[in-house]
Amino acid sequence: MSNLLNTIIPKKEMQEFKEYFFLLSKSGIKFILRNDLFAVFSQYCSEQKKNTKFFKESGIRKFIEKIPEMFFRNEYVYIKHRYAVAKYRFYRLGMESEYMEEIGIADYIDIKETNAFENNSGYNENKLRIDLVPFYDYSPSIRDTRHIGNGIKFLNQYMASSIFQEPEKWEQKIFEFIRLCRLDTREILINGSYFKDITELKQELPGIIEWLKGKSASTTYEEIKLKLKKHGIEAGWGNTVKKIVEKMQLFMDLLNEPQSTLLADFISSIPMISKIAIISPHGWFAQENVLGRPDTGGQVIYILDQVKALEKFLTRELRETGIDDVVPRIIILTRLIPNADTTSCNRRLEKVFHTENCWILRVPFKDADGRILDDWISRFHIWPYLDRYTEDSKRELVSEFAGNPHLIIGNYSDGNLVATL
């Protein structure tokens with residue numbers, strides 16, 4: 001097997017490469033991430049008085065730029081190498097930094113897990129293995145990297161194409177979707193008991209549209225609500241005849257000539273969000289006496305401004321769809337600190353100033369024995385508590401919302417971990 005190192009690192013830099021990896025091996029870091037790689041490379045270049053061009057343009061620099069992680073084990077260095085967008089290779093490099101070969105992803109993961117957990121008393125070599133391939137048999141997969149970051153657009157194109165190719169199947173799926181649409185506990189768009197299938201809805205809508213066109217465009221939904229309900233039409237299409245007709249026509253156009261833009265416009269116009277949880281567990285989160293404290297600053301101001309703007313936006317959007325009896329509820333989930341000093345961080349629930357239904361919900365951190373942590377701790381030390389905090393917070397949020405939130409927004413890495421869990 002050929003030495004892959006010769007194809008990646010220029011021959012003239014091989015000695016520097018060995019010296020650099022020797023310095024890495026002495027760092028004492030178990031798992032080395034890209035930031036660590038650059039920090040040690042900067043140290044090496046400084047100690048060896050390398051010029052700026054070497055630091056910025058050398059083959060070593062270009063190689064480590066594409067390494068998100070690596071680790072040392074026994075006589076080898078194991079490297080994850082991102083050689084192209086969303087594509088990885090895995091290498092094993094001898095400790096003498098003279099020979100490198102490619103290994104499989106399964107081998108890399110096995111060695112990584114062994115390295116991470118072998119000193120753990122609960123370590124078990126009988127690993128859980130999950131085959132995710134069947135999942136991808138039933139969903140579209142992005143193969144062109146240009147679509148990365150544009151997942152919604154990609155899915156809309158896929159769905160529109162599917163509607164065109166199999167109209168009966170996918171029209172029925174769209175019907176099932178809108179038939180099950182709820183905002184809190186109320187039906188929106190259509191009465192699911194009135195319409196049995198998409199055929200009935202397609203037959204009914206043209207007549208309703210023609211009847212509506214006979215009304216003034218400014219006629220409100222409230223004025224025609226009873227008539228529409230008799231024909232199985234619920235709130236959510238619009239607050240005026242003009243908006244109702246436009247949205248119904250958009251829906252008919254989507255069925256008759258499916259396009260990704262029509263699908264995106266229709267789906268995005270459906271009022272499905274009124275409960276939002278915003279997660280921000282670190283720092284001192286309150287409305288007074290917190291700015292300037294450790295780990296506390298811009299995110300407090302930003303999130304408070306965000307919830308006020310979101311409440312106004314959601315209220316306006318709901319009213320424009322003809323729903324005026326639902327009040328959006330936004331909850332900022334953060335940490336409760338019993339020893340709160342002069343702040344309100346020891347209060348479980350606090351209303352956000354100048355809002356109608358926005359709240360700060362605080363849940364305490366607990367240690368492994370279930371004891372509440374009374375004092376503030378740095379954002380760098382909160383990670384061991386986040387799993388339990390997530391479970392405790394879930395119960396609190398479900399209770400406050402009287403159900404699940406419709407949207408969860410995480411802030412920073414700790415907030416996004418809790419939001420994801």
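Tell me the volume per residue, in Å³, of the convex hull enclosing the alpha carbons of the range 278-317.
So the per-residue hull volume is 57 Å³.
Suppose the chain between LYS366 and GLU223 were pulled fully straight at 0.36 nm per residue; how much longer would it get relative to their current alpha carbon spacing?
46.1 nm
In terms of Cα to Cα distance under 15 Å, which aspartates and glutamates are near enough to LYS87, apart from those fewer than 8 places away along the same chain?
GLU65, GLU69, GLU102, ASP144
Place +1 on the Cβ of every Lys and Arg and -1 on the Cβ of every Asp and Glu in the range 1-127, take the dipole about the Cα centre, and give the residue among PHE54, SER97, PHE41 whose Cα lies farthest towards its positive end.
Going by the charge dipole, the pick is PHE54.
Under 22 Å Cα-Cα from LYS12, which lysines qualify once same-chain neighbours fewer than 8 residues away are excluded?
LYS49, LYS50, LYS53, LYS56, LYS62, LYS66
Could you tell me the convex hull volume per residue, in Å³, taken over the Cα atoms of the range 75-176? Intermediate results must be reported in sequence, preceding the final value.
Numbers: hull volume 17.2 nm³, N = 102.
Hull volume normalised by residue count: 168 Å³.
Let me check I have the definition right: for the chain, take the eigenvalues of the Cα gyration tensor, multiply each by 5, take square roots. What are those semi-axes in whole Å, largest first?
52, 32, 20
Considering all alpha-carbon pairs of the range 305-407, what whole percent are spaced by more than 18 angstrom?
Value for the range 305-407 (Cα pairs over 18 Å): 56 percent.
For the chain, with the dipole built from +1 on Lys and Arg beta-carbon atoms and -1 on Asp and Glu ones, taken about the Cα centre, which of GLN306, GLY370, ILE408 lies farthest toward the positive end?
Sorting the options by dipole projection puts first GLN306.
Would you mind checking the tilt of helix 167-179 against the longest principal axis of the Cα atoms of the chain, expressed as 0 to 90 degrees and rounded to 10?
Taking the Cα atoms of the chain, the angle to 167-179 is about 80 degrees.
Which lysines does LYS243 reach when only Cα atoms under 16 Å apart count, and residues fewer than 8 places away in its own chain are ignored?
Output for LYS243: LYS213, LYS215, LYS225.
Once ligands and nucleic acids are excluded and a 1.4 Å probe is used, how much of HIS381 is accessible, expressed in Å² to the nearest 10?
Near enough 120 Å² of accessible area.
Under the classification rounded if a/c is under 1.5, otherwise prolate if a/b is larger than b/c and oblate if not, where does the range 170-316 fall, given a ≥ b ≥ c as square roots of the Cα gyration tensor eigenvalues?
Taking the square roots of the gyration eigenvalues as a ≥ b ≥ c, the range 170-316 is prolate.
Run lengths n ≥ 4 of DSSP H only: what is the helix-derived mean residue ellipticity at 222 nm for the chain, with -39500 (n - 2.57) per run over all residues, to the nearest 500? Numbers along the way, then the final one.
On the way: 16 runs with 186 residues, N = 421.
About -13500 deg cm²/dmol.
Write out the trypsin sites (Lys or Arg not before Pro) in the range 240-287 meeting two conditions: DSSP loop, and at most 13 other Cβ atoms within 10 Å of their Cβ.
Those that pass, being in a loop and sparsely packed, number zero.
Taking amide hydrogens as modeled 1.01 Å from N in the peptide plane, which residues meet the under 5 Å criterion relative to LEU333, leaving out close sequence neighbours?
ILE278, ILE279, SER280, LEU361
Stretch LYS11-ASP341 to full length: gain in nm at 0.36 nm per residue minus the Cα-Cα span?
So the extension gain works out to 112.7 nm.
Given charges of +1 on the Cβ of Lys and Arg and -1 on the Cβ of Asp and Glu, with all other atoms neutral, how large is the dipole of the chain about its Cα centre, in debye to the nearest 20?
780 debye
So how strong a dipole does the range 1-140 carry about its Cα centre when Lys and Arg Cβ are +1 and Asp and Glu Cβ are -1, to the nearest 20 debye? Mind showing how you got there, number by number?
Details: 22 positive and 20 negative charges, 142 e Å.
Result for the range 1-140 is approximately 680 debye, rounded to the nearest 20.
Could you tell me how many degrees, from 0 to 90 and to the nearest 10, lie between the Cα long axis of helix 221-230 and the main elongation axis, the longest principal axis, of the Cα atoms of the chain?
80 degrees
Which value, in debye to the nearest 20, describes the size of the charge dipole of the range 172-307 about its Cα centre when Lys and Arg Cβ atoms bear +1, Asp and Glu Cβ atoms bear -1, and nothing else is charged?
Values: 17 positive and 17 negative charges, 82 e Å.
With Lys and Arg at +1 and Asp and Glu at -1, about 400 debye.
Report the extension gain between ILE273 and GLU75 in nm, rounded to one decimal, defined as 0.36 nm multiplied by the number of residues separating them, less their alpha carbon distance.
65.8 nm
Please compute, over every Cα-Cα pair in the range 368-412, the percentage with a separation greater than 18 angstrom.
Of all Cα-Cα pairs in the range 368-412, 41 percent lie more than 18 Å apart.
Of the peptides 130-136, 149-155, how do they stack up when ordered by the mean number of other Cβ atoms within 10 Å, highest first?
Those peptides, ordered most packed to least, come out 149-155, 130-136.
Starting from the 7 Å offset along Cα-to-Cβ, what nm value, one decimal, do you get for the label separation of ASP325 and GLN249?
So the two model labels end up 3.0 nm from each other.
Pairing the Cα long axis of helix 151-165 with the longest principal axis of the chain, what angle in degrees results, from 0 to 90 and rounded to the nearest 10?
50 degrees
Distance between the C-alpha centers of the range 1-58 and the range 306-375? Whole Å please.
With the range 1-58 and the range 306-375 each reduced to a Cα centre, they are spaced 48 Å.
The values are calculated or read from the model by the stated rules, or taken from the named source; none is laboratory data. On a predicted model such as this, the values are computed, not experimentally measured, just so you know. So basically every Cβ, Gly included, is an ideal-geometry build from the backbone, and we count neighbours across all protein chains shown. SASA here: full protein model, heavy atoms, side chains in, ligands and nucleic acids out. Shrake-Rupley method; radii C 1.70, N 1.55, O 1.52, S 1.80 Å.
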